[in-house]
Every structure is written in structure tokens, then in C-alpha cells.
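Working notes, beginning with the structure itself.
The values are calculated or read from the model by the stated rules, or taken from the named source; none is laboratory data. Note that the coordinates shown come from a computational prediction; the quantities given were computed from them, not determined experimentally. When we count neighbours, we look across all protein chains shown, and the Cβ atoms used for this are built from the backbone with ideal geometry, even at glycine.
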Amino acid sequence: MAGGDKYKDKLTPEQYNICFLKGTEPPDSGKYNKHFSPGAYYCIACGQELFKSDTKYDSGTGWPAFWDTADSEAIRTVPDTSLGMTRTEVACSNCGAHLGHVFDDGPAEKTGKRYCINSLALEFRPSQTS
Ligand code: FE
């Protein structure tokens with residue numbers, strides 16, 4: 001039983017598949033993979049702020065990558081041994097939406113972390129300029 005029923009009407013089938021059925025978008029398919037405008041990225045389901053544009057980088061893998069979270073409380077990590085691999089799942093701490101995985105091959109001069117996140121799990125909002 002998926003945990004995201006309250007978000008089912010809000011999300012497209014593609015977004016729901018990622019967030020609550022733990023799908024993965026095809027590499028190089030996501031709209032935020034090569035997106036580097038200033039702003040922040042929010043959970044597509046519940047709207048919690050997850051990542052900031054100043055920690056985003058091009059990992060070359062085909063998915064958006066960040067070397068840190070917007071706030072250490074924004075996400076939770078869960079051990080994931082599916083598909084015969086040992087990985088660490090990243091989920092929204094508020095609604096539980098699956099976002100992607102975190103790996104230890106991120107930029108060494110930063111945190112060394114690579115948060116590999118599906119574009120379909122995110123909503124970008126640009127910085128306000130005033
Ligand atoms: Fe959420």
C-alpha cells in the first residue's frame with residue numbers, strides 16, 4: 001500500500017510513480033538535470049523546501065545532483081537494498097515522498113555527498129529579486 005494517497009490527485013501519474021512507488025525517471029529526461037537558475041527546489045507532493053540552487057552541480061549522471069540539503073531536517077535517509085544494490089534512499093522528511101538516493105562520490109571540496117534526485121519529485125521556484 002503506497003503512502004501517498006492524499007497526494008494522488010495532486011500529482012501526475014509520472015510524479016506519483018517516483019514519489020510513492022519509488023520509481024526512477026530515465027537519465028537525461030528530467031527538466032532540472034541541466035537547470036542552474038538561482039532559487040530553491042521543493043517537494044512536488046507536500047511543498048517542503050528540500051534543496052537550494054547554490055548546492056546544485058552537474059554530476060554527469062543524467063539526474064539533478066546536489067552536494068547538500070537545504071536543511072538537515074528536510075530529508076530522511078533509508079537503507080535500500082533493492083535491485084541487488086546497497087544504496088541509501090532519500091525521502092522527504094515531511095510526507096515521505098521518495099526523492100532519489102545519496103552517494104559518497106560528490107564533490108570532495110564540498111561535503112563529498114551526491115544527492116541524486118529525480119526532477120519529477122521536485123518543483124523549482126526562482127529566487128525573488130526585489
Ligand atoms: Fe514532501
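Observations, loosely collected:
- Residue within the stretch 113-121 that is β-branched (Val, Ile, Thr), modelled with pLDDT of 95 or more and closer than 29 Å to Asp9 by Cα present: yes
- Subset tally (residues that are outside any helix (DSSP H, G or I) and either within 12 Å of the ligand (Cβ to nearest atom) or farther than 16 Å from Ile75 by Cβ (or both)) for the stretch 6-31: 14
- Some residue of the stretch 115-130 being more than 16 Å from the ligand (Cβ to nearest atom) and among the charged types (D, E, K, R): no
- Conditions (1) at positive phi; (2) out of contact with any Cys (no Cβ under 6 Å at 6 or more places or on another chain); (3) more than 12 Å from the ligand (Cβ to nearest atom); (4) at pLDDT 95 or above; number of the one not met by Leu83: (4)
- Residues being on the phi > 0 side of the Ramachandran plot and hydroxyl-bearing (Ser, Thr, Tyr) - total across the stretch 86-130: 0
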